Amino acid sequence: MRARQALLALGADPSIIAKRKLPIIPEATQLVVADMARSGRAHLLVPAAARAWQAMRSAAHAGNVRLIVVSAFRGFDYQVRLIQRHIAAGESVETVLQVLAPPGCSEHHSGRALDIGTLGCQPASLAFADTPAFAWLKTHASRFGFALSFPQDNPYGYQYEPWHWCWSTA
Ligand SMILES: [Zn+2]
């Protein structure tokens, strides 16, 4: 399996996929531009999730809350490089995998997950939980089909990720 091989190559124990019951997430094939970063980089999502994000962003903005995309679709190879960067910066692979999903297991592969930020808050930081943007999301995101994937004490062994939201039709 590709995810297993990638973990071995990263120096991680591939059994964590089974031990933590991490789902294997196929990469989205149909992606559209959901938003643009100030850097000019396009943030991609599957079409229905992109529409839901744009509707949610507009509703928040109308309520004076600014929601920003930090990260949207990420492919398998991108996830490998992201983990490698953290390891190169001196983190142990075990620590990195408490924050980043193993390649093949990231909800970002699905094109339905978003890391959401707001002005004045460091991207993907716990401080996001104390912002008006997070308070707004807790109240309104479900109306647009978005749910917090990794709350405190989630069963997958990830740290609390108040910034990470996933869209679904359910
Ligand atoms: Zn995320």
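The values are calculated or read from the model by the stated rules, or taken from the named source; none is laboratory data. Because the structure is predicted, anything quoted here is derived from the model rather than measured. Cβ: placed from backbone, ideal geometry, glycine included. Neighbour counts: every protein chain shown. Heavy atoms of the whole protein, side chains included, go into the accessibility calculation; ligands, DNA and RNA do not. Shrake-Rupley method; radii C 1.70, N 1.55, O 1.52, S 1.80 Å.
Some points to look at:
- A single member of 49, 12 is in a loop (DSSP other than H, G, I, E, B), open to solvent by less than 40 Å² (accessible area, probe 1.4 Å) and at pLDDT 95 or above, and it is 12.
- Any hit, region 110-124, residues being within 24 Å of residue 141 (Cα to Cα), in contact with a Ser or Thr (Cβ under 7 Å, 6 or more places away or on another chain) and charged (D, E, K, R): yes
- Among the residues of region 63-78, the one identified as more than 13 Å from residue 44 (Cα to Cα), within 14 Å of the ligand (Cβ to nearest atom) and free of Cβ contacts under 8 Å to residues at least 40 places away in the same chain is 78.
- For the residues 101, 133, 141, 129, the requirement of being in a loop (DSSP other than H, G, I, E, B), touching a residue at least 24 places away in the same chain (Cβ under 8 Å) and small (Gly, Ala, Ser) singles out 101.
- Residues located in region 28-57, provided they are aromatic (Phe, Trp, Tyr) and under 20 Å from residue 77 (Cβ atoms): none
- Looking only at residues in region 137-156 that are open to solvent by less than 40 Å² (accessible area, probe 1.4 Å) and more than 15 Å from residue 54 (Cα to Cα), the one that is farthest from the ligand (Cβ to nearest atom) is 154.
- Residue 32 vs. criteria out of contact with any His (no Cβ under 9 Å at 6 or more places or on another chain), surrounded by 15 or more Cβ atoms within 10 Å (Cβ to Cβ) and closer than 25 Å to residue 169 by Cα: yes
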